[in-house]
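Asks: Right, I'll just put the structure down here and ask away after.
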Amino acid sequence: MNICTTVIKSRQSVRSYKPDPVDDLVIREVLECARLAPTAMNRQDWVFLVIRDPVMLSKLAGLTEHGKFIAQAPVCFAIFGKRAHVYYLEDCCAATENLILALQAHGVGSCWVAGDKKAYAGAVRELLNVPGEFSLVSLVSAGYPGDVKVVAKKPMSEVVFYELYGNPPVR
Ligand SMILES: Cc1cc2nc3c(=O)[nH]c(=O)nc-3n(C[C@H](O)[C@H](O)[C@H](O)COP(=O)(O)O)c2cc1C
């Protein structure tokens, strides 16, 4: 295993955080990783917001359906894409995953909280003063892990096929 696969394999969604703040340099570094994600036609039609104000974190949490734990996180990121760009969703999801993995590499736990398709997406955009041409794609709460719940993953044999659907690897 190399460092990248180790980081990927060690990640779990973390919804409970220690109160310790996440260092500014770490925040900068993970945002750098987010903005380096691939984008269709290299459009980079996105913006990343960093929310650390406890009042704003509580308001954000209150708007979400399954993200009430955002209120206890030291930081939450919000990723928005320009709706007019046909691939904004894919682009912002790539950035979200880069962000999450970079956080993990720094020992910071996080959880992707749905934004796109959620009725509260517009309210989050307005709360954060983001122009109407952007759509919320994801929120990512982050902090040093408290409790971590490990969930089961489907085995490779159930989801990976070689050449044709249903074919296991030839050994
Ligand atoms: C698009 C997307 C939306 C998600 N939205 C939420 C959410 O609103 N609240 C939440 O607690 N987790 C959310 N999650 C996290 C998933 O529940 C989590 O990734 C899944 O249960 C697998 O667990 P793991 O991340 O620990 O592997 C979301 C994940 C994705 C990819």
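What follows is calculated from the coordinates using simple rules that are stated; it is not laboratory data. None of these values were measured; they are calculated from a predicted model. Quick reminder, even Gly has a Cβ in these numbers, built from the backbone with ideal geometry, and neighbours come from all protein chains shown.
Asks: If a/c stays under 1.5 just call it rounded; otherwise compare a/b with b/c (prolate if a/b is bigger, oblate if not). Do that for the stretch 122-171, with a ≥ b ≥ c from the square roots of the Cα gyration tensor eigenvalues.
Replies: oblate
Asks: Hey, another quick one. Can you give the angle from 0 to 90° between the axis of helix 54-63 and the longest principal axis of the chain, with both taken from C-alpha atoms, to the nearest 10?
Replies: Its long axis makes an angle of about 60 degrees.
Asks: Dipole of the chain, Cα-centred, from +1 at each Lys and Arg C-beta and -1 at each Asp and Glu C-beta, to the nearest 20 debye?
Replies: Taking the Cα centre of the chain as origin, the dipole is about 380 debye.
Asks: Next up: Looking at the stretch 3-159 from every direction and averaging, what is the projected area of its Cα convex hull in nm²?
Replies: 9.8 nm²
Asks: Treating the angle as unsigned and between 0 and 90°, give the value, to the nearest 10°, between the Cα long axis of helix 24-35 and the longest Cα principal axis of the chain.
Replies: For helix 24-35, the angle is close to 60 degrees.
Asks: Once you sort the root eigenvalues of the Cα gyration tensor of the stretch 62-152 as a ≥ b ≥ c, which label holds: rounded (a/c under 1.5), prolate (a/b larger than b/c) or oblate (the other case)?
Replies: prolate
Asks: Show that you can apply the helix-only estimate: for the chain, add -39,500 (n - 2.57) for every DSSP H stretch of four or more residues, divide by all residues, and state [θ] at 222 nm to the nearest 500. Mind dumping the intermediate values first?
Replies: Numbers: 6 runs with 59 residues, N = 171.
Only helices count here, giving -10000 deg cm²/dmol.
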